[in-house]
Structures are given as C-alpha cells and as structure tokens.
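Chemist: Could you have a look at this structure, given as structure tokens, before my questions?
The values are calculated or read from the model by the stated rules, or taken from the named source; none is laboratory data. Every value quoted in this text rests on a predicted model; they were computed, and no experiment measured them. So basically every Cβ, Gly included, is an ideal-geometry build from the backbone, and we count neighbours across all protein chains shown.
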Amino acid sequence: MDTTIVAAPIGKRGRNSSVILTDRLCERRVAQRTKFYDRKCPGLYVSITTAGVATFSFKFTDRQTGKQRTGWLGAYNPETFTVEDARSKVYGFKAMGCEALAETFRDQKTTKAKRGKTVGEIIDERITWMKTPVKKPDGEMRPRLESWENTASHLNRFLRPRLGKKLAIEVTKHDIATLSNDIVAGKFGKRSVSNARHMRKAASGLFNWAAEAGRDYVTASPCVNLPKLDPEHPRTRVLSEDEIRTFWHGLDRDDLPYDRRSRLALKFELVTMLRSRELLGARRDELFDLVGEHPRFDVPIKRVKKRRVIQQPLSDLAVEIIKEALTSDDQQFVFESPMYEGQPIHRKAMADALRGTKHEKNKDKTKTAGLCELLGLKPFTPHDLRRTAATLAGDLGFDDAWIAKCLDHAPSKKSEQIVPTVTGKVYNLSKRMKEKRAVLDGVAAELRRIIKGPQGRVRQEPRGLSRKSRRRERQDSRLEDPPD
C-alpha cells in the first residue's frame, strides 16, 4: 500500500509565493490577503489578512478521491502556535499515511464543532441577544441593551477582523492586549485610546456573557489583568462671556445655512443643561405649566442616559425658546425636523451644525461650513454647552450637589459621608426641584446679562419677518417712544 503524500504542486500564484516561513513573516502587515508557501515543508502555507491575522493550512492530494484538499491547522500565535509548531503538525500528519490523513481532515469540521464556537459566531449570538426587545420598567418593549449598536460597532470593527475565525476558547490575554495596542497605534485608522477602551469593554462583555452558565462557550474571560491604557484627558472647553454673546446673537442671523430649530436646540441645551438626546425628542405632552409659575420638562426613561425620569424645571428663557420653536398647535415635537414632518430633528443635527459637514468622498474637505467657523469661534461640541452652563452656575456660587442634579449626575458623597446607592435609587425619589429651579433660573439671568447688546437690552428680534419689515418696526417704536 502506497502511503506517500503528494504535496500540492506550487506554481505561479500571483501574489502567493514560496519562501522559508518564519514567525517574523507571520507578523508582517500586508495590503491585501496574501499566502506564503513553505519551502522546508511542502504543502504548508500561511494566509495573512489585512487585519494581521495569520492562519496555517496544509494542501495535499487525497488518493481516495484524486482531488486536492486543504486542511486548516490553526491560527498563528507567538505563545501557543508558531511556524515550527505548524511544521511539526504537518510532519505528524504525513507520518499517518494518506487514508488516515484524509479521514482526519474530513472530520475536522465535526471536531471543531465539538471544541466550541468561533469568536465570530459568538459575536453574532451576542448582538442578537442585545437587540432582542424586552419589556422595560416603563412598560415599553425596547432592545435588551439599548446602546447595543455602539457595542456591536466595536465588536465588528475591531474584534471580528482580528479574532473572528479563532475558537473562543483559544483566545488569550495576549490577543486582546495586542489588539488593544494596535488600535492605539493607529493600525485600525486614527490613533485612539478611546476606541481601545471601548473595544476592551465590548470584548469583556462578550466573553463574560459567553462564560455564563448555560452557554459555557469559554471557561473564563481573557480580558482580565490587561495592561493599563494611557489616561484620556477630559474635555475642558468652556465658552467665555464674549463667545457666549457672539454665539447667541450669531444664532439669530438670517444668513446661516442651518435651520432655525437646530439653532434653537443649541440655545436650549445651554439654558437647560440637558443632553442632546434628552432634549431633541421633546414632545408637547412632556411640557407642563408653560404659562404658570412652575414650568417643567419631563424627559422619559428611554431618552435618559441613566434610565431614570428627569423632571427639569424650565426658566423663563427656556420657555421663550420653546414657544418660538412651537409654530403650530399641530406640532408634536418641539424641535421638529424641517425635512421629515412629524419627526424630531436628527440626533446629530446639532453637532453637524457646529462643526459643519464633510464631503462623502473627501473627508478632509468641508461641504458646508459649521457655525463655529462662520461665527469665528474656537470649535466646540453641544456637550460643551452643558459644561459652560454648569461653570456659570458654579461661578454664581451654587452648590455642586445642586448643579449635579441639573446635569443628572448623582453625587456619591454628602457632608464627607458616602451615601448608599440604594438610598438614591429606591428610597429618596425627591427631584430637588427647588434647588434645580434656583440653579437654572440663576443661569438664565446670567445669560441674559451676558447677551445684552450695547444699549443694555437683550436682542430679541421678531422671527418670520423680512429685514425691511423689522427695520420699519424699529423705526415705528422709536417714534412712539422718543428718548428723554
């Protein structure tokens, strides 16, 4: 019986080539998927993807069928599976004989299934689990993890390309650390410590979920005791009084390219300290007592970051903005989209208005200039308006705990004594409306002082009129009320 194994003939394969495989070669970066065949061990080759994943395979001819077959040997890992390990494995297969070798690779899929699932398969299951609708505390059916899209994005952008084909039980701490370092080094695009941190969080959630009883895809998470990432420096952008004045009056200009409601939403964030997502979906039925002494805005759980209802008092300045935004009795959303009737403006509309929009093909080229550029202001984000309002409140002497309530931040200490979390979540349901109203009314008064014009009054020009009409109205008012 002839037990010789015939290695696959290696001819010209374009970008594929025959070399002496080394570990260093397996770690090289390639512009497109490339195969390198080993001269020392005929039939053995390594396939390297653009994501840096190197996998060993072995080509041979099955004597029983006369067809060429390929057997997958494993993924390169400098700790557990190197070039020499792959060669030893191939030499062992050759010693088994043709029939035994063919049978071994014929059953490889079955063996692999018994060993467990790949990282890619677990990612698919995890995403399906995250986005499955479940009943929430407010009675609505929403995805199990409402931020699942962000988590899925990090899993698909970083983890899947590098480790997707690898068995989950074979993923090591070194794999996660290397992936994290490559993200920070810019091998997945822009250098970003933040992306590396989010990838680690998504991967940790994935493997912890995979290790839960009933799944047991892995025995333990490889995302433990990873090297610490460099600290991220928090944003500290706060608008000065001159910038606030320029910004506020600039939003009232008629020559700006962005719709009026998007600009009103930017004002509203500065006045109320609410997050963009919380205020953009504001509905008419979420507003209370607008013509009374205690106007407020109730933000439902589904739009709040901490998943708790926010009862935000409204200052007189905030009420003015709302009344201008509500142009008809049929309008349900305060900041309604100019393009899609009956829908709120897009969640990115405020950020796009500030920074401008980019060309789809040339990201370095501006398509429409942003408000910051048009008004000559140093770039800032909608979230910086929250920080600016909080800073104004702090400068006015308000207590940090009161300001934290306006920002929907839960203070962890009170009078140098740690307050149990359960106290705030279950027992103390007070919204501290008096303190919050005092802070927001104080910020509104300070903003009015800042945005006053040279004549000492707030610039409030009527909307919806032409420049000529507004000029005629100002002339008429001067005739009716002549100076002393």
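Chemist: Would you confirm whether or not the range 215-222 contains a residue that is modelled with pLDDT of 90 or more, under 24 Å from I451 (Cβ atoms) and touching an Asp or Glu at 6+ places or on another chain (Cβ under 8 Å)?
Modeler: Checked the range 215-222: no residue is modelled with pLDDT of 90 or more, under 24 Å from I451 (Cβ atoms) and touching an Asp or Glu at 6+ places or on another chain (Cβ under 8 Å).
Chemist: Does any residue in the range 288-299 that is among the basic types (K, R) come within less than 7 Å, Cβ to Cβ, of a residue that is surrounded by 13 or more Cβ atoms within 10 Å (Cβ to Cβ) six or more places away or on a different chain, and which pairs are these?
Modeler: R296/F288; R296/Q311; R296/Q312; R296/P313; R296/L314
Chemist: Next up: For the range 226-242, indicate whether the set of residues that are at positive phi and either touching a Pro at 6+ places or on another chain (Cβ under 6 Å) or surrounded by fewer than 19 Cβ atoms within 10 Å (Cβ to Cβ) (or both) is non-empty.
Modeler: no
Chemist: Residue check, S337 against (1) in contact with a Pro (Cβ under 8 Å, 6 or more places away or on another chain); (2) more than 30 Å from E435 (Cα to Cα); (3) buried (at least 19 other Cβ atoms within 10 Å of the Cβ), all met but one. Which one?
Modeler: (3)
Chemist: Next up: Could we say that G292 is surrounded by fewer than 18 Cβ atoms within 10 Å (Cβ to Cβ), in the same structural domain as A349 (by TED's automatic domain parsing) and of a type in the set (G, A, S) here?
Modeler: For G292, the condition - surrounded by fewer than 18 Cβ atoms within 10 Å (Cβ to Cβ), in the same structural domain as A349 (by TED's automatic domain parsing) and of a type in the set (G, A, S) - is met.
Chemist: Please state which one of E146, E170 is out of contact with any Cys (no Cβ under 6 Å at 6 or more places or on another chain) and surrounded by 18 or more Cβ atoms within 10 Å (Cβ to Cβ).
Modeler: Criteria check complete, one pass: E170.
Chemist: Got at least one residue in the range 317-327 being of a type outside the set (A, V, I, L, M, F, W, C), crowded, with 20+ Cβ neighbours inside 10 Å and in the same structural domain as E373 (by TED's automatic domain parsing)?
Modeler: Step one: filter the range 317-327 for residues of a type outside the set (A, V, I, L, M, F, W, C), giving 320, 323-324, 327.
This time we only want the ones that are crowded, with 20+ Cβ neighbours inside 10 Å, so: none.
No, that holds for no residue.
Chemist: Do we find that T82 is closer than 27 Å to D175 by Cα and free of Cβ contacts under 8 Å to residues at least 40 places away in the same chain in this structure?
Modeler: no
Chemist: Let me ask you something else. Just to be sure I understand the filter: pairs with C-beta atoms under 6 Å, separated by 6 or more residues or on different chains, first member in the range 31-49 and over 12 Å from V19 (Cβ atoms), second member part of a strand (DSSP E or B) and among the charged types (D, E, K, R). Which pairs pass?
Modeler: If the second residue must be part of a strand (DSSP E or B) and among the charged types (D, E, K, R), the pairs left are G43/K59; S47/K35.
Chemist: For E125, all conditions in the list (1) acidic (D, E); (2) outside the structural domain of L206 (by TED's automatic domain parsing); (3) at pLDDT 90 or above hold save one; what is the number of the exception?
Modeler: So the condition that E125 fails would be (2).
Chemist: Could you pull out the residue among D138, D216, D182 that is buried (at least 16 other Cβ atoms within 10 Å of the Cβ) and among the acidic types (D, E)?
Modeler: D182 is the lone residue from the list that is buried (at least 16 other Cβ atoms within 10 Å of the Cβ) and among the acidic types (D, E).
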